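J.: First the structure, then my questions, so here it is.
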Ligand SMILES: Nc1ncnc2c1ncn2[C@@H]1O[C@H](COP(=O)(O)OP(=O)(O)OP(=O)(O)O)[C@@H](O)[C@H]1O
Ligand SMILES: [Mg+2]
């Protein structure tokens, strides 16, 4: 087990209308295995970002424990080990890109870790190639498209050579092309380099491509499982104001009209197959 979250609670030190803000993360337990691709979905404010920040010791639990590769994130001696193992990519790449040239930006993380300059050069080239941005290495980050910027931000985390990347809504600000670029990059890193991916997203089309989906609500885990297991629970998800993939929604409505549907489709191909069955 690579990451183990045990009954974690966390509240921010803030008050809203005189009342303390309730637990942003409220008794969450989960495990993430090496090499898994896990999607985390949930309504605005349900605690996804707060949970993500616990996975690389950016936040420490008020109660409960987070272990990364066996190390307790509350152990200050382990903080940097943990941050080398679990890289966090923030929602807005502009907040993550700091240098005026792409390759300098990607070098920033390993430089901070005191990596030998010759090795930094190799790591930067490798990371830029892995995200398909090597040709842009001498460009200015601010002139890139949203998808390209986000891929450079991912390269910056890759240059630290983490075993796991946690991404907080990395495609939220991107157009459909940019989203595809980032999703293709993440699946390639997962498949070819065995990097564990934890993807926070509000796009159901992205969540269905994960090995496993975790659904959060009000700081807690509502349900979890493989995409078919999770998205066949259409009523539960709708009750908690969550989207379901359009194909699943259509199947659910047809079922409601008495159509004989056994497996809920998640994508266009499966949906077409379902309709062929139903219309036969
Ligand atoms: N820095 C902060 N200070 C105080 N309260 C915060 C802070 N960050 C988040 N919160 C509160 O904690 C709760 C969980 O927020 P969090 O950002 O983890 O949710 P989220 O699921 O990532 O939401 P979103 O989908 O909008 O990104 C919310 O009630 C939010 O208002
Ligand atoms: Mg968030």
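No lab work stands behind these numbers, since they all come straight from the coordinates. Quick caveat, the model's predicted, so the values are computed rather than measured. Virtual Cβ from ideal backbone geometry, glycine too; neighbours counted across all protein chains shown.
J.: Starting from the Cα-Cα distance between residue 62 and residue 263, subtract it from 0.36 nm times their residue separation and give me the gain in nm to one decimal.
T.: 68.2 nm
J.: Could you list log10 I(q)/I(0) for segment 65-184 at q = 0.18 Å⁻¹, which the Debye formula gives when each Cα is one point scatterer?
T.: -0.90
J.: Which length gain, in nm to one decimal place, applies between residue 13 and residue 280 when the Cα-Cα distance is subtracted from 0.36 nm times their residue separation? Show your work: numbers first, answer last.
T.: Details: separation 267, 0.36 × 267 = 96.12 nm, distance 5.94 nm.
The span from residue 13 to residue 280 would gain 90.2 nm if fully extended.
J.: Relative to the longest principal axis of the C-alpha atoms of the chain, give the angle of the C-alpha long axis of helix 268-279, reported between 0 and 90° and rounded to the nearest 10°.
T.: With rounding to tens, the tilt is 10 degrees.
J.: May I ask for the Rg/Rh ratio of the chain, computed from Cα atoms with Rh as the Kirkwood radius, given to two decimals?
T.: Details: Rg = 20.1 Å, Rh = 20.0 Å.
Rg/Rh for the chain comes to 1.01.
J.: Rounding to the nearest 10 and keeping the result within 0 to 90°, find how far the Cα-based axis of helix 176-193 lies from the longest principal axis of the chain.
T.: Roughly 70 degrees, rounded to the nearest 10.
J.: If you don't mind, there's one more thing I want to ask. Nearest 500 deg cm²/dmol is fine: what mean residue ellipticity at 222 nm does the chain get from its DSSP H runs of n ≥ 4 alone, each adding -39,500 (n - 2.57), divided by its residue count?
T.: The helix contribution divided over the chain gives -11500 deg cm²/dmol.
J.: For the chain, set up a Gaussian network in which alpha carbons nearer than 10 Å are linked by springs, and say which option among 158, 113, 90 fluctuates the most.
T.: 113
J.: So if we plug the beta-carbon distance of residue 143 and residue 79 into 1/(1 + (r/R0)^6) with R0 = 35 Å, what FRET efficiency do we get, rounded to 0.05?
T.: Plugging the Cβ-Cβ distance into 1/(1 + (r/R0)^6) gives 0.50.
J.: What is the Cα convex hull volume of segment 1-138 when expressed per residue in Å³?
T.: 149
J.: Using a 10 angstrom cutoff on alpha carbons, build the Gaussian network for the chain and name the most mobile of 243, 260, 62.
T.: Between 243, 260, 62, it is 260 that shows the largest mean-square fluctuation.
J.: Under a 10 Å cutoff between Cα atoms, tell me which one of 205, 269, 249 has the largest fluctuation in the Gaussian network model of the chain.
T.: Greatest mean-square fluctuation among the candidates belongs to 269.
J.: Taking the DSSP beta bridges in segment 3-227 as the whole, what percent of them are antiparallel, to the nearest 5?
T.: Working: 20 of 38 bridges.
Percentage antiparallel, nearest 5: 55.
J.: Could you tell me the calculated FRET efficiency between residue 254 and residue 226, based on Cβ-Cβ distance and R0 = 22 angstrom, to the nearest 0.05? Let's see the in-between values first.
T.: Working: r = 22 Å, r/R0 = 1.01.
With a Förster radius of 22 Å, E is 0.50.
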